[in-house]
Amino acid sequence: MTDSKQTLQLHFQLNGRSIETECEAQETLAELLRNHLNLTGTKVSCEVQVCGACTVLVDGLPVSSCTLLAYEVRDRNVLTIEGLAKPDGTLHPIQQAFIDEFAFQCGFCTPGMILATKALLDENPKPTREEIVHFMDGNICRCTGYVSILHAIQKASKLLEK
Ligand code: FES
Ligand code: FES
């Protein structure tokens, strides 16, 4: 009997640092981040690309890390929630806005929400309410009722303007 697991060498940029590691051919990016790189800020819930909890940015675009194979990020740039704050601990304005507007309760959806917000505001710094609702369609929250999240995104847009 042969071992069906194939180990691959993997190089990519993670939160501004060069990473050399190994992954299995079937391993998802979320599994690599959480289980091998100890970056547990990325959450996993549905595992079928529906809820957005596992959202990270790859080359600046939001992706569901639960369904992206780790090997697919070779030589690409990955940003997780751990890479947003400054090295001195100062929170990114989007993180601060989520705190200021009480935009979470259990917090399970929050890393994905914040990274999706970053992708939105990088592309469209002053989105309308409707544009925010449309863009955030793939991120589900079971707790907040969404109004506070909407307010946080609007506040983040203003903070980033300054
Ligand atoms: S855990 Fe990836 S989209 Fe839900
Ligand atoms: S704060 Fe609990 S799922 Fe969003």
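Every number in this text was worked out from the coordinates using simple rules, so none of it is lab data. The model shown is predicted, which means the values in this text are computed figures rather than measured ones. Because the Cβ atoms are built from the backbone with ideal geometry, glycine has one as well, and the counts that use them run over all protein chains shown.
Things to note:
- Backbone HN-Hα couplings from phi across the range 14-28 [Karplus 6.51/-1.76/1.60, Hz, Gly and Pro as x]: 10, 6, x, 10, 7, 10, 10, 8, 10, 9, 8, 4, 9, 6, 7
- Of the residues Lys118, Lys155, the one with the fewest other Cβ atoms within 10 Å heads the list, and the complete ranking is Lys155, Lys118.
- 3J(HN,Hα) along the range 140-152: 9, 10, 8, 10, 8, x, 6, 4, 5, 5, 4, 4, 5 Hz, from the Karplus curve 6.51 cos²θ - 1.76 cosθ + 1.60 with θ = phi - 60°, whole Hz, x for Gly and Pro.
- Full extension of the chain between Leu159 and Gln6 gives 50.5 nm of extra length, using 0.36 nm per residue less the Cα-Cα distance.
- Here the 3J(HN,Hα) profile of the range 153-162, calculated from phi with Karplus coefficients 6.51, -1.76 and 1.60 at θ = phi - 60°, is 5, 5, 5, 4, 4, 5, 4, 6, 6, 6 Hz, Gly and Pro shown as x.
- Counting every other Cβ atom within 10 Å of each residue's Cβ, Leu84, Leu91, Leu29 order from fewest to most as Leu91, Leu84, Leu29.
- Sum of -39500 (n - 2.57) over DSSP H runs of 4+, divided by residues of the chain (222 nm, nearest 500): -8000 deg cm²/dmol
- Two-site FRET efficiency, Ser45 against Leu91, from Cβ-Cβ distance with R₀ of 25 Å, rounded to 0.05: 0.55
- Between 0 and 90°, nearest 10: helix 110-123 axis offset from the chain longest Cα axis: 70 degrees
- Order of Ser157, Ser65, Ser45, Ser18 under a 10 Å beta carbon neighbour criterion, fewest first: Ser18, Ser45, Ser157, Ser65
- In this structure, the pairs whose alpha-carbon distance is over 18 Å, taken from Lys118/Lys155; Lys43/Lys155; Lys43/Lys158; Lys86/Lys126, are Lys43/Lys155; Lys43/Lys158; Lys86/Lys126.
- You can think of it this way: the chain between Ala25 and Arg129 has 33.4 nm of extra reach, that is 0.36 nm per residue less the Cα-Cα gap.
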